[in-house]
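Reviewing the structure listed below.
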Amino acid sequence: MVDDRGTTIRIESRGPDDTRKIGKAIGSRLRGGEVILLKGTLGAGKTTLVQGIARGLGIEGPVQSPSFVLERIHRGRLELRHLDLYRLTGAEALEAGLLSEMGESDVTVIEWAERAEGLIRADLEVRIEKTREDQGRSIIIEARNPALKSLLEVQGTC
Ligand SMILES: Nc1ncnc2c1ncn2[C@@H]1O[C@H](COP(=O)(O)OP(=O)(O)O)[C@@H](O)[C@H]1O
Ligand SMILES: [Mg+2]
């Protein structure tokens with residue numbers, strides 16, 4: 001499903017492997033400098049999606065939730081900055097410098113981006129919603145930056 005302006009798609013994930021596949025398809029299309037906001041409740045699958053994004057960036061090691069450490073950095077084809085704002089307010093994240101330092105060859109992915117609403121420029125927003133199915137998730141991807149519309153090709157992934 002694509003909306004009228006062609007900037008939003010919805011993909012149905014049937015389990016964690018689907019979500020990782022979708023993440024990988026996103027990661028393999030990134031070029032550097034992108035900021036990706038991830039939204040959804042606890043256990044929605046945000047970290048699972050980032051595991052896929054990391055694979056798509058050529059990162060091989062484990063990708064764990066950064067909710068305690070706030071930030072984890074992985075090196076692959078591009079550097080992945082993986083943030084989790086669960087324990088912070090937006091103001092605290094700003095003050096800690098977590099919402100700055102986005103470089104041309106970095107990809108920044110932010111879990112619990114609801115906390116940073118309005119505080120950060122985003123290229124892509126991904127919302128993950130539980131569906132009635134046990135492992136079902138709807139993954140709604142919005143290209144806020146028109147230059148990233150080609151990323152919506154990931155629709156065909158699952
Ligand atoms: N379709 C799905 N996509 C992602 N995770 C799923 C899915 N179905 C079940 N799960 C499970 O839900 C949990 C998601 O955890 P996680 O990715 O850490 O969520 P979050 O980071 O949003 O809190 C994992 O235990 C995962 O196995
Ligand atoms: Mg998480």
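The values are calculated or read from the model by the stated rules, or taken from the named source; none is laboratory data. Everything numeric here is computed off the predicted structure, so don't read it as measured data. Cβ atoms come from the backbone with ideal geometry, glycine included; neighbour counts cover every protein chain shown. Remember, those area values only see protein heavy atoms, side chains included, never the ligands or the DNA or RNA. Shrake-Rupley method; radii C 1.70, N 1.55, O 1.52, S 1.80 Å.
For (1) open to solvent by less than 20 Å² (accessible area, probe 1.4 Å); (2) among the small types (G, A, S); (3) under 15 Å from R29 (Cα atoms), each residue gets a yes or a no:
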position: H82; (1), (2), (3): yes, no, no
position: Y86; (1), (2), (3): no, no, no
position: S105; (1), (2), (3): no, yes, yes
position: I120; (1), (2), (3): no, no, no
position: R144; (1), (2), (3): no, no, no
position: L151; (1), (2), (3): yes, no, yes
Among (1) surrounded by 16 or more Cβ atoms within 10 Å (Cβ to Cβ); (2) in a strand (DSSP E or B), which single condition is E129 missing?
(1)
Scanning segment 101-148 for residues that are β-branched (V, I, T) and at pLDDT below 95 gives I120
Residue count for segment 63-88, restricted to those that are farther than 22 Å from G40 by Cα and within 13 Å of ligand 1 (Cβ to nearest atom)
0
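What about S100, is it surrounded by fewer than 16 Cβ atoms within 10 Å (Cβ to Cβ), without any contact (Cβ under 8 Å) to a residue 60 or more places away in the chain and not basic (K, R)? Reasoning before the result, please.
Numbers: surrounded by fewer than 16 Cβ atoms within 10 Å (Cβ to Cβ): yes; without any contact (Cβ under 8 Å) to a residue 60 or more places away in the chain: yes; not basic (K, R): yes.
For S100, the condition - surrounded by fewer than 16 Cβ atoms within 10 Å (Cβ to Cβ), without any contact (Cβ under 8 Å) to a residue 60 or more places away in the chain and not basic (K, R) - is met.
Yes/no per residue for (1) within 16 Å of I22 (Cβ to Cβ); (2) not aliphatic (A, V, I, L, M):
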site	(1), (2)
A91	no, no
L98	no, no
E114	no, yes
L151	yes, no
For the subset of segment 55-70 comprising residues that are away from ligand 2 (no atom under 13 Å from the Cβ) and under 14 Å from the mean Cα position of the chain (by Cα), which member is most open to solvent (accessible area, probe 1.4 Å)?
R55
Does G27 qualify as being crowded, with 22+ Cβ neighbours inside 10 Å, away from ligand 2 (no atom under 13 Å from the Cβ) and within 14 Å of the chain's Cα centre (by Cα)?
yes
